[in-house]
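Throughout, read-outs are computed from the coordinates displayed, never taken from laboratory work. From a predicted model like this one, the values you see are computed outputs, not experimental measurements. Quick reminder, even Gly has a Cβ in these numbers, built from the backbone with ideal geometry, and neighbours come from all protein chains shown.
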Amino acid sequence: MTDPQVTLVVVPRERFSYTKESLESIYEHTDIPFKLVYVDGNSPTPIKRYLETQAQAKQFQLVRTNYYLSPNYARNIGLSYVDTKYLVFVDNDVIVSPGWLNALVTCAEETGATVVGPLMCQDEPLHETIHFAAGECHVVTDIHGKRHIREKMYKQGQQVSEVRPQLKRIETELAEFHSVLIRREIFQKIGYLDPKMLCTKEHLDFCMTVKEAGGSIYFEPDSLVTYVPGPPIELTDMYFYMLRWSDAWMYSSLENLRQKWGLVEDGYFKTKYNKKLGSRRRRTIIRPLSYRFKKLGKKLGLKRKQIEQALLAVDKVINRYITDRYARKYLQSQQQLTYQDSRTELCQKGDGDVRSLEICDPLIKR
């Protein structure tokens with residue numbers, strides 16, 4: 001194979017500080033020809049310069065916006081540049097392993113699959129703890145005619161060394177956007193990804209849409225990748241992380257999923273509304289801060305739990321401000337624009353060899 005059959009579309013997930021490690025793993029461990037479109041949603045200046053340098057050196061397509069992007073909106077921007085048979089969405093905190101892409105393409109070629117997901121691991125050490133090894137995702141109707149979603153991820157938390165020899169390529173109902181290969185022609189049937197799925201469960205919506213359109217989804221264990229979530233240690237990551245996992249974005253995504261698929265507000269949704277909203281910020285930002293302020297709390301006669309509750313109250317105010325401000329400036333126009341319009345509004349900037357582009361959206365005041 002001399003001409004690339006696949007385009008990698010890299011998008012921001014929740015932070016920018018793992019950009020270098022992720023991109024370098026792609027070039028180190030990908031052994032078949034590929035194109036690359038890198039969507040940079042307002043990364044801090046050092047990352048911006050690094051990506052510009054890499055784009056010029058490796059001749060990949062760099063697309064930058066001067067505002068943060070929700071995942072599906074970023075994916076749609078990247079998708080608009082794809083002209084190959086396949087594309088692979090890759091989050092910017094993913095580390096791949098040798099042969100990962102070849103295995104995905106081989107699976108699609110041999111099975112005719114519309115979507116192929118790899119054996120997905122999580123955290124460091126790399127490629128050791130399974131996050132996802134196929135799964136279930138479908139709607140069931142109860143005896144009262146009410147519709148419920150059923151979601152299940154296989155092998156989560158188990159060790160690769162213990163279960164990989166037993167894993168087989170299988171048809172499945174679920175793949176995740178951390179890294180997923182897609183046959184490009186499916187988008188002629190289903191259109192672009194839903195921009196109203198802002199930050200969570202967008203993979204459920206996509207997979208059910210693919211199945212509804214007659215497509216097939218496969219799990220390929222010979223492809224091994226790991227996503228590396230991390231607390232937003234860098235100050236430049238903090239704003240994006242809080243927006244990405246904001247209460248407003250999560251609630252809106254869940255409500256859109258429920259209404260779009262005619263689902264009842266059952267225990268699945270109530271649990272996520274009551275326990276999941278703000279849980280990531282609490283775990284990665286608030287709780288560590290409460291331990292840091294523990295000594296100060298003792299002087300003031302406060303227990304750590306009281307400090308945490310105070311920080312949570314502040315977090316709610318800040319988070320509401322961030323999401324309201326973003327919604328006023330960007331969100332409505334993003335969801336109103338068709339993506340074909342967005343594609344034609346890309347204006348080339350700077351050195352043409354770098355091919356770095358910045359979105360010029362006439363609906364947004366600069």
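Things worth noting here:
- Gained length - R325 relative to H148, 0.36 nm times residue gap less alpha-carbon distance: 60.3 nm
- Placing a pseudo-label 7 Å from each Cα along the Cα-to-Cβ vector at E255 and E136 gives an inter-label distance of 3.0 nm.
- Inter-part distance, segment 1-37 to segment 148-217, computed on C-alpha centroids, equals 20 Å.
- Given +1 at the Cβ of Lys and Arg, -1 at the Cβ of Asp and Glu and no other charges, the dipole of segment 235-335 around its Cα centre is 700 debye to the nearest 20.
- Ellipsoid semi-axes for segment 1-160, based on the Cα gyration tensor and the rule √(5λ), read 29, 20, 18 Å when sorted largest first.
- The residue list F34, G301, A213 was ranked by how far each Cα lies along the charge dipole of the chain toward its positive end, using unit charges on Cβ atoms, and G301 comes out on top.
- Summarising the label geometry, the points placed 7 Å from Cα in the beta-carbon direction at D3 and Q156 lie 4.2 nm from one another.
- Estimated inter-spin distance, K168 and Q56, nm [label 7 Å along Cα→Cβ]: 5.3
- Size descriptor, Kirkwood hydrodynamic radius, that averages inverse alpha-carbon separations across segment 235-335, Å: 15.3
- Per-pair calculated FRET efficiency, R0 = 22 Å: D83 and K276 via Cβ, rounded to 0.05: 0.05
- A dipole drawn for the chain from +1 and -1 charges on Cβ atoms has a positive end, and of I318, T111, F89 the residue lying farthest that way is I318.
- Within segment 147-193, the trypsin sites (Lys or Arg not before Pro) that combine a DSSP coil assignment with at most 14 other C-beta atoms in a 10 angstrom radius are K168.
- C-alpha center-to-center spacing [segment 229-260, segment 65-97] in angstrom: 17
- Compactness relative to 2.2 N^0.38 Å, alpha carbon Rg of the chain: 1.00
- Convex hull of alpha carbon positions in segment 1-91: directionally averaged projected area 5.6 nm².
- Residue-normalised convex hull volume from the C-alpha trace of segment 30-69: 75 Å³ per residue.
- Dipole magnitude of the chain, debye to nearest 20 (Cβ charges: Lys/Arg +1, Asp/Glu -1, about Cα centre): 2240
- Coil-residue chymotrypsin sites (Phe, Trp or Tyr not before Pro) of segment 17-90, DSSP, other Cβ within 10 Å capped at 16: Y67
- Footprinting exposure proxy for V90, V6, V160, V264 (fewest neighbouring C-beta atoms within 10 Å first): V264, V160, V6, V90
- Charge dipole of segment 1-159 (Cα centre as origin; +1 on each Lys and Arg Cβ, -1 on each Asp and Glu Cβ, all else neutral): 540 debye, rounded to the nearest 20.
- Helical contribution to [θ] at 222 nm, DSSP H n ≥ 4, -39,500 (n - 2.57), averaged over the chain, rounded to 500: -11000 deg cm²/dmol
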